[in-house]
1. Is it the case that some residue within segment 320-329 is aromatic (Phe, Trp, Tyr) and either within 16 Å of ligand 2 (Cβ to nearest atom) or not in a helix (DSSP H, G or I) (or both)?
2. Quick check on ASN138: is it modelled with pLDDT of 95 or more and either at negative phi or more than 16 Å from ligand 2 (Cβ to nearest atom) (or both)?
3. Could you give every pair whose Cβ atoms fall below 8 Å, whose first residue belongs to segment 4-28 and is more than 24 Å from THR345 (Cα to Cα), and whose second residue is of a type in the set (A, V, I, L, M, F, W, C) and crowded, with 18+ Cβ neighbours inside 10 Å, counting only separations of at least 6 or pairs across chains?
4. Return the residues of segment 435-493 that are at positive phi and either of a type in the set (Phe, Trp, Tyr) or assigned to a helix (DSSP H, G or I) (or both); say none if nothing qualifies.
5. Is segment 411-427 home to any residue that is crowded, with 24+ Cβ neighbours inside 10 Å, of a type outside the set (Asp, Glu) and within 16 Å of ligand 1 (Cβ to nearest atom)?
6. Looking for something surrounded by fewer than 19 Cβ atoms within 10 Å (Cβ to Cβ) and assigned to a strand (DSSP E or B) - is there at least one such residue anywhere in segment 32-42?
7. Output the number of residues of segment 338-397 satisfying the condition of being over 23 Å from the mean Cα position of the chain (by Cα) and over 30 Å from ASN94 (Cα atoms).
8. In this structure, is ALA528 over 22 Å from the mean Cα position of the chain (by Cα) and within 30 Å of ASP145 (Cα to Cα)?
Amino acid sequence: MTYLLNSPDDFAEEAVRGLVASHPDLLVEVPGGVARSTQTPAGQPALVIGGGSGHYPAFAGWVGPGMGHGAPCGKIFSSPSASEVYSVVRNAENGGGVILGFGNYAGDVLHFGLAAEKLRHEGIDVRIVTVSDDIASNTSENHRDRRGVAGDLPVFKIAGAAIEAGADLDEAERLAWKANDATRSFGLAFEGCTLPGSDDPLFHVEKGSMGVGLGIHGEPGVRDADIGSAADIADLLVDELLAEEPPRGEDGYDGRVAVILNGLGTVKYEELFVVYGRIAERLEQRGLTVVRPEVGEFVTSLDMAGLSLTLVFLDDELEKLWLAPAETPAYRRGSMPVVDRAPRTGTWDPGKTEIPDASEDSRTCAQKIVAVLERFRQVCADNEGELGRLDAVAGDGDHGQGMVFGSRGAAGAARTAVDQGAGARTTLLMAGEAWADAAGGTSGALWGAALTSAGGEFSDTEGAEERSVVDAVTAGIDAVLRLGGAEPGDKTMVDAAVPFRDALTDAFDTDAGPAITAAARVAHDAAAKTADITARLGRARVLGEKSVGTPDPGALSFALLMTALGEHLTR
Ligand code: ADP
Ligand code: MG
């Protein structure tokens, strides 16, 4: 558990602030995360790396010469929002374009992808590199569809070194993908991790056994096995990874490997060294040459008891970059050439959005929107525990928290907008942006987009009709389908939203409230039925089988909010 905190909600942000305060020579806090505190040469590509918090040193601990240029920092285990990514890029980019590097998770793909769209519109060349080293999460033919774990370290180290050595954006991107394609990881957990402020771990592993193939967000292992000796564990890790060793003598690979033995949280250094001793022996027996091994904590998962092994199959090019110097808070190697590093001058700030003029009717409608969002906030708070428990079965347990943060952010932003005279359209647009910002995660991006699209159906100059409410709800659902790309049967909120939308179209006659209530009953039944299906998308995908018997948390929260909407409008 977490012993030291002020408030669970502010934990991630306060940790970033303290990290920056302890490394003023390297880091500066910017809206949404951190950037280098020193200037970079004009025209140099920027490597912006990120993801949720709770994984230190990933990712903010790797910002500095030779590695990252900036890191957007999400909430615990939850992707940074698109606007956090955007803001950090604006602070890190210096005319050479940007590589967005992150682990391959649905929430991160959505938020970083949205930020990339916006940046490209503004003329910035953006490349996306998703790290996908975890062999437990997919087959070797689908290596780039796997999820990312400790492979973040070598991929970002190699890309950062290439940029430091003068690579342009194309070259840096090529090398980042090459490093990812050469990297394999496998992990084990003996006990789950506990979110700050929570009493119980996200999952338990039975005493004497271990979760094999764990994820770094507290996603449980893909199978359980008995804990053996340290040597047994070393053998298991080595055997799993070497099954994917590329043929020697091809493509410049001749048996040189970078090796990273990574502690996830509460496995201590001495234990890691005991395991590493055996790993080194085994690799030598296989005729491999270990290049600059790393044993320690690199990609952690709060206080998870577990460890992972990463191998990078090196050629000359990758080896040189793996060995190049770096100077970051958590990763220092060799000494950077002495150059004049001027401190950066100021930081970019998103500033305030203008509120367009609105009619009396539209402002009245906006007040009602605030009341609905307040109701959403209440429903999310009442169901936080249950939604988190459902998400912990095969996901990462943060769905309740994400919905609470998102709805609270949206309600707050809507109230502020109305206080400044905003109409219905602007109120919903701002609420949507705030939901995505406050929640992070997959569902945060999707609910944010839903609210924003719903806002597009309202006007700032005219009042709304009953029809507009139905159109807005429909537009919101369509946005989720478009952006998330899920289909009914994938075990996501779409399984509740699509039957809901169809029922709503049938039920609507003159009044939106009763029609939404009727459709929400259909959504509830559909959400309950998701218990029968295997998850194919999102975080739960890897553990699809484990999700059978448990309904999808996102489908349930959707049904709960539509029920609340129907009740509110009918009153
Ligand atoms: P994360 O998966 O990032 O931890 P949450 O836990 O907040 O995010 O949300 C998980 C929910 O998001 C799932 O239960 C599912 O309903 C929904 N979800 C995941 N992927 C998609 C998708 N592609 N389309 C629609 N909904 C999705
Ligand atoms: Mg989740």
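The values are calculated or read from the model by the stated rules, or taken from the named source; none is laboratory data. Keep in mind that this is a model prediction, so the values were computed, not measured. Cβ placement follows ideal geometry from the backbone for every residue including glycine, while neighbour counts extend to all protein chains displayed.
1. We begin by selecting, within segment 320-329, every residue aromatic (Phe, Trp, Tyr); these are 322.
Filter once more, so that each one left must be either within 16 Å of ligand 2 (Cβ to nearest atom) or not in a helix (DSSP H, G or I) (or both): none.
No, because not a single residue in segment 320-329 is aromatic (Phe, Trp, Tyr) and either within 16 Å of ligand 2 (Cβ to nearest atom) or not in a helix (DSSP H, G or I) (or both).
2. Values: modelled with pLDDT of 95 or more: no; either at negative phi or more than 16 Å from ligand 2 (Cβ to nearest atom) (or both): yes.
Spelling it out, it is not the case that ASN138 is modelled with pLDDT of 95 or more and either at negative phi or more than 16 Å from ligand 2 (Cβ to nearest atom) (or both).
3. Close Cβ pairs satisfying both conditions: LEU5/PHE11; PRO8/LEU195; ASP9/PHE405; PHE11/ILE76; ALA12/CYS73; ALA12/ILE76.
4. In the first step, residues of segment 435-493 are kept if they are at positive phi; the result is 440-441, 485, 489, 491.
Within segment 435-493, GLY441 is the sole residue that qualifies.
5. No, segment 411-427 contains no residue that is crowded, with 24+ Cβ neighbours inside 10 Å, of a type outside the set (Asp, Glu) and within 16 Å of ligand 1 (Cβ to nearest atom).
6. Yes; the residues of segment 32-42 include at least one that is surrounded by fewer than 19 Cβ atoms within 10 Å (Cβ to Cβ) and assigned to a strand (DSSP E or B).
7. Qualifying residue count, segment 338-397: 25.
8. Working: over 22 Å from the mean Cα position of the chain (by Cα): yes; within 30 Å of ASP145 (Cα to Cα): yes.
Here the answer is yes, as ALA528 does meet what is asked.
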